[in-house]
Amino acid sequence: MVKAGLIGAAVSGLPSTVVTLARGESLLDGARAAGAILLPREPRTPVLLAAAVPVHLGLSLGWAAGIARLPRRGAIFGALAGLAIAAVDLGVIGRRIPAIRALPQGRQWADHVAYGLSVGWALAHFDGPVG
C-alpha cells in the first residue's frame with residue numbers, strides 16, 4: 001500500500017503539469033495551494049512549498065490506504081476511486097480553501113484520476129490479490 005501511495009503521489013500531478021507548462025503558467029500554484037492546506041494564512045512561497053511536501057505525501061498515502069481496503073483492484077477501478085476522491089478533496093474540502101478553489105478545476109480532477117489510476121494499478125501489481 002505504501003508503494004502504491006508513493007507511485008500515486010509521483011504520478012498525480014502529471015496532467016496539470018503538462019497543461020500548465022504548455023500554457024506557460026506557474027508550476028508553483030498547485031504546490032502553494034497544497035501548502036495552504038496546512039498553513040492557510042502563510043504568504044511566503046518557500047514556506048508553503050515546504051508545507052506542501054508532508055501534506056501531499058500524507059494525503060497520497062492516506063487515500064491509497066483507503067483504496068487498498070476496497071474489495072476491487074485495478075487501474076480502471078482506481079480511476080473511478082480517483083473521481084470519488086476528487087469529489088471530496090475538491091468539491092467538499094477544497095471549496096473552503098481559497099488557494100485550492102482558485103486552481104483550474106479540470107486539471108485538478110484530471111490529477112485525481114491519474115492518482116487513482118496509478119494507485120489502482122500499483123495495488124493490483126505490487127500488493128497481490130485481494131483476499
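The values are calculated or read from the model by the stated rules, or taken from the named source; none is laboratory data. For clarity, every value in this text was computed on a predicted model and none was experimentally measured. Here the Cβ positions follow ideal geometry from the backbone for every residue, glycine too, while neighbour counts run over all protein chains shown.
Quick one: in region 94-125, which of the residues that are without any contact (Cβ under 8 Å) to a residue 40 or more places away in the chain and within 20 Å of A33 (Cα to Cα) is surrounded by the fewest Cβ atoms within 10 Å (Cβ to Cβ)?
That would be R96.
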Restricting attention to region 5-16, does a residue exist that is within 24 Å of L123 (Cα to Cα), out of contact with any Pro (no Cβ under 7 Å at 6 or more places or on another chain), free of Cβ contacts under 8 Å to residues at least 60 places away in the same chain and not in a helix (DSSP H, G or I)? no
The one condition D111 fails out of (1) out of contact with any Asp or Glu (no Cβ under 7 Å at 6 or more places or on another chain); (2) more than 23 Å from A124 (Cβ to Cβ) is (2)
In region 17-39, the residues that are more than 13 Å from A50 (Cα to Cα), outside any helix (DSSP H, G or I) and in contact with a Leu (Cβ under 9 Å, 6 or more places away or on another chain): L27
Sole miss for G30 among (1) modelled with pLDDT of 95 or more; (2) touching a Gly at 6+ places or on another chain (Cβ under 8 Å) is condition (1)
Just to be sure, is V53 within 28 Å of L123 (Cβ to Cβ) and touching a residue at least 40 places away in the same chain (Cβ under 8 Å)? no
Pick from region 20-34 the residues that are free of Cβ contacts under 8 Å to residues at least 24 places away in the same chain and of a type outside the set (A, V, I, L, M, F, W, C): which of them is surrounded by the fewest Cβ atoms within 10 Å (Cβ to Cβ)? G24
